[in-house]
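S.K.: Starting off with a structure, shown below.
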Amino acid sequence: MSSEIKRIAVLTSGGDAPGMNAAIRAVVRSCAFHKLECIGVYRGLQGLVEGDFIELGPRSVKNLINRGGTFLKSARSADFRTKEGRQKAHNNLKKANIDALVVIGGDGTFTGANVFIDEFSFPIVGIPGTIDNDINGTDYSIGYDTALNTVVQAIDKIRDTANSHNRLFMIEVMGRDAGDIALNAGIGAGAEEILIPEEEMGREKLLKSLKRSKESGKTSTIVVVAEGDQIGKNIFGLANYIQENLSEYEVKVTVLGHVQRGGSPSCYDRVLASRLGVGAVDALIRGERGVMIGISHKKVVSVPFIEAIQGDNEIDIELIRVADITSV
Ligand code: F6P
């Protein structure tokens, strides 16, 4: 065991994700198991800049594994992007005798953490927590599975009403730069069309496909659109375009929004969060720094931050084929 680490801080940063509480719990209890002290940082990297800390023991995280959101709260910190803000954060860590940090978040969080490591050589390990599942080097990020289930349940409900009225529903799901939620939830909910940022379909092809769908005898239609898709200016503009060109359809729009970020985490996310939380403390004890603890082929793995941030999270082409075939 690396002797210099006695006190570990943990924080959640960026967009919250179901299962973040379970990850904090695992970090706190892992610290207790290894007889290390654990400090919680409120409001992510902003809380580091402001020195907003709390001592955490194993009982501080009771009744949390099943709760959505993050009890430490989260933020997107503008101050941490400045050299001055990071200097304040470093001073606060030193003042509180904190030896290492576990950050739970997405690529923005890891980018900030990586700059901090370069500047101060401070030991940091990351845990991927984002519903977008857009982090390279891990098969899954915490919150993605729960968000997928939330989306599928919502689309199932929309399908009931779409079918009763023979309507076409355009449903916008989250995923600023990534189509993982749209593609997987779209297949799971039996969508006719799935529009994702990684694969530009084009408006003409979409119209043709919808026309074919109607002619094949389908009465209602579900089109899932990732928020980052570039086919139209926005989903409402695209809906108007379809309505103007295909009068046989009655087009409606639903934007699922932040409902996708809430709710009790799925069992998969709770187990993933627990494994990655334990893995993060294990990694710090082993002396690892500047790595994300992820999951690959069912095993907990360490991935350098730089790979997690820079690599492209590629969409699985096979999924696009499955979506095309099953929506015939
Ligand atoms: O990164 C997670 C995410 O939910 C994205 O899918 C979405 O684009 C973004 O966060 C929304 O961020 P905010 O809650 O700050 O509006």
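S.K.: Picking from LYS62, LYS83, LYS88, which residue would you name as being closer than 23 Å to CYS267 by Cβ and away from the ligand (no atom under 16 Å from the Cβ)?
M.R.: LYS62
S.K.: Assuming LEU195 fulfils every condition listed in (1) closer than 15 Å to ARG321 by Cα; (2) open to solvent by 40 Å² or more (accessible area, probe 1.4 Å) apart from one, which condition is it?
M.R.: (2)
S.K.: So, one more: How many residues are of a type in the set (A, V, I, L, M, F, W, C) and either within 18 Å of the chain's Cα centre (by Cα) or within 16 Å of the ligand (Cβ to nearest atom) (or both) when one looks only at the range 11-50?
M.R.: Qualifying residue count for the region: 7.
S.K.: Additional query: Scan the range 151-164 and report the pairs whose first residue is modelled with pLDDT under 95 and whose second residue is among the polar types (S, T, N, Q), with Cβ atoms within less than 6 Å and a gap of 6+ or a chain change.
M.R.: Between residues of the range 151-164 that are modelled with pLDDT under 95 and residues that are among the polar types (S, T, N, Q), there is no close pair.
S.K.: Name the helices (runs of 4 or more DSSP H) wholly within the range 259-328 that hold at least 2 residues that are open to solvent by 70 Å² or more (accessible area, probe 1.4 Å) and in contact (Cβ under 8 Å) with a residue 24 or more places away in the chain?
M.R.: Helices (runs of 4 or more DSSP H) meeting the threshold: 267-286, 305-310.
S.K.: Which residues, counting only those in the range 215-229, are open to solvent by 20 Å² or more (accessible area, probe 1.4 Å), at negative phi and out of contact with any Gly (no Cβ under 9 Å at 6 or more places or on another chain)?
M.R.: GLU215, SER216, LYS218, THR219
S.K.: Moving on to the next point. Any idea which residue in the range 100-112 is nearest to VAL281 (Cα to Cα), counting only those that are of a type in the set (Gly, Ala, Ser) and within 16 Å of the ligand (Cβ to nearest atom)?
M.R.: Only one residue fits best here, namely GLY105.
S.K.: Given the conditions (1) of a type in the set (A, V, I, L, M); (2) open to solvent by 10 Å² or more (accessible area, probe 1.4 Å); (3) touching a residue at least 24 places away in the same chain (Cβ under 8 Å), and given that ALA23 satisfies all but one, which numbered condition is not satisfied?
M.R.: Among (1) of a type in the set (A, V, I, L, M); (2) open to solvent by 10 Å² or more (accessible area, probe 1.4 Å); (3) touching a residue at least 24 places away in the same chain (Cβ under 8 Å), the lone unmet condition for ALA23 is (2).
S.K.: Filtering the range 56-75 down to residues that are touching a strand residue (DSSP E or B) at 6+ places or on another chain (Cβ under 8 Å) and on the phi < 0 side of the Ramachandran plot, which residue is least open to solvent (accessible area, probe 1.4 Å)? Before you say what the answer is, go through the steps one by one.
M.R.: Within the range 56-75, the first condition is being touching a strand residue (DSSP E or B) at 6+ places or on another chain (Cβ under 8 Å), and the residues that meet it are 56-57, 60, 70, 72-74.
Then drop every residue that is not on the phi < 0 side of the Ramachandran plot, which leaves 56-57, 60, 70, 72, 74.
Working: LEU56: 17, GLY57: 23, SER60: 53, THR70: 23, LEU72: 0, SER74: 38 Å².
Per the criteria, the residue is LEU72.
S.K.: Okay, next question. Kindly provide the set of residues from the range 223-238 that are assigned to a loop (DSSP other than H, G, I, E, B), more than 16 Å from the ligand (Cβ to nearest atom) and either hydrophobic (A, V, I, L, M, F, W, C) or free of Cβ contacts under 8 Å to residues at least 24 places away in the same chain (or both), ordered by number.
M.R.: ILE231, LYS233, listed by residue number.
S.K.: Which pairs turn up if I take residues in the range 75-89 that are under 16 Å from ASN114 (Cβ atoms) and look for partners that are acidic (Asp, Glu) with beta carbon separation below 6 Å, at least 6 apart in sequence or on another chain?
M.R.: That search, which allows pairs on different chains as well, returns GLY85/ASP79.
S.K.: Out of the range 170-206, which residues are in contact (Cβ under 8 Å) with a residue 40 or more places away in the chain, under 19 Å from ILE317 (Cβ atoms), among the small types (Gly, Ala, Ser) and away from the ligand (no atom under 16 Å from the Cβ)?
M.R.: GLY188, ALA191
S.K.: Among ASN240, ASN234, which is of a type in the set (S, T, N, Q), farther than 17 Å from GLY179 by Cα and open to solvent by 50 Å² or more (accessible area, probe 1.4 Å)?
M.R.: Residue meeting the stated conditions: ASN240.
The values are calculated or read from the model by the stated rules, or taken from the named source; none is laboratory data. Since the structure is predicted, the reported quantities are computational estimates derived from the model, not experimental observations. Positions of Cβ are generated from backbone atoms using ideal geometry, with glycine treated the same way; all protein chains shown enter the neighbour counts. With ligands, DNA and RNA removed, areas are computed over all heavy atoms of the protein, side chains included. Shrake-Rupley method; radii C 1.70, N 1.55, O 1.52, S 1.80 Å.
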